[in-house]
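Contents: one structure, followed by commentary.
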Amino acid sequence: MDSDDCAGRRVEWAVVDSPIGPLLLAATENGLVSVGFHADRQVRDAALRRLASRLGGEPVEDASGRLAESIGALDAYFAGRLREFAVPLDWSLVGGFHRQVLRELASGVPYGTVVGYGELAGRVGQPGAAQAVGAAMAANPLPLVVPCHRVVEEGGG
């Protein structure tokens, strides 16, 4: 589903504690749509306003339990019991080249491996677009779950 097709969808959210600080998770009926770091009140409120603007409607605190699977998966990941996420993802907040890159990253770069920006660009048919891959990593709405930390500079930097 493209971001243009998502106006007025119900978004549920929750803030969960993690070893790296509070995380803001948000999901639609299609799956996890956003993971945000440093989710103190100010960051949370700003992120919820952006989600409302992008997806329509006011996000509601996790009313139906829609986030339970994602919360459980993140808990297992941080405990070292999970290496690959299998939770449903909603790609509504990203489109075009960025979506291609992030989907390839999610499915094609397994736990314990890394990939270079240039190699990832080549995998999606755009050799020479390493800087654009970097922009996709910076705009990743699903960090941790879509592991942008596995993308490195040439030579492993």
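The values are calculated or read from the model by the stated rules, or taken from the named source; none is laboratory data. Predicted model, so just to flag it, every value in this text is computed and none were measured. Note that we place each Cβ from the backbone using ideal geometry, even for glycine, and neighbour counts take in every protein chain shown. Side chains included, ligands, DNA and RNA excluded: accessible areas come from the protein's heavy atoms. Shrake-Rupley method; radii C 1.70, N 1.55, O 1.52, S 1.80 Å.
For Asp17, the accessible area of its heavy atoms, probed at 1.4 Å with every protein chain present, is near 130 square angstrom. In the range 38-125, taking the dipole from charged Cβ atoms about the Cα centre, the farthest positive-side position among Ser53, Gly116, Val87 is held by Gly116.
Of all accessible surface on the chain at a 1.4 Å probe, what whole percent is carbon and sulfur?
Values: 3920 of 8010 Å².
Roughly 49 percent of what the probe reaches on the chain is carbon or sulfur.
Do any GluC sites (Glu not before Pro) in the range 74-157 lie in a DSSP loop with no more than 14 other beta carbon atoms within 10 Å, and if so, which? Counting only loop positions with at most 14 other Cβ atoms within 10 Å, the GluC sites (Glu not before Pro) in the range 74-157 are Glu84, Glu153, Glu154. Most simply put, the chain has about 65% antiparallel DSSP beta bridges, counting only bridges with both residues inside it.
What number comes out for accessible area per residue over the range 96-152 if the probe is 1.4 Å? Units Å², please.
Working: 2480 Å² over 57 residues.
Per-residue accessible area for the range 96-152 comes out at 44 Å².
In debye, nearest 20, what is the charge dipole magnitude of the range 12-79 about its Cα centre with +1 on Lys and Arg Cβ and -1 on Asp and Glu Cβ, if you could check? Walk me through the numbers on the way to the answer.
Numbers: 6 positive and 10 negative charges, 61 e Å.
Charge dipole of the range 12-79: 300 debye, to the nearest 20.
Note: relative contact order over the chain, using C-alpha pairs below 8 Å and six or more positions apart, is 24 percent.
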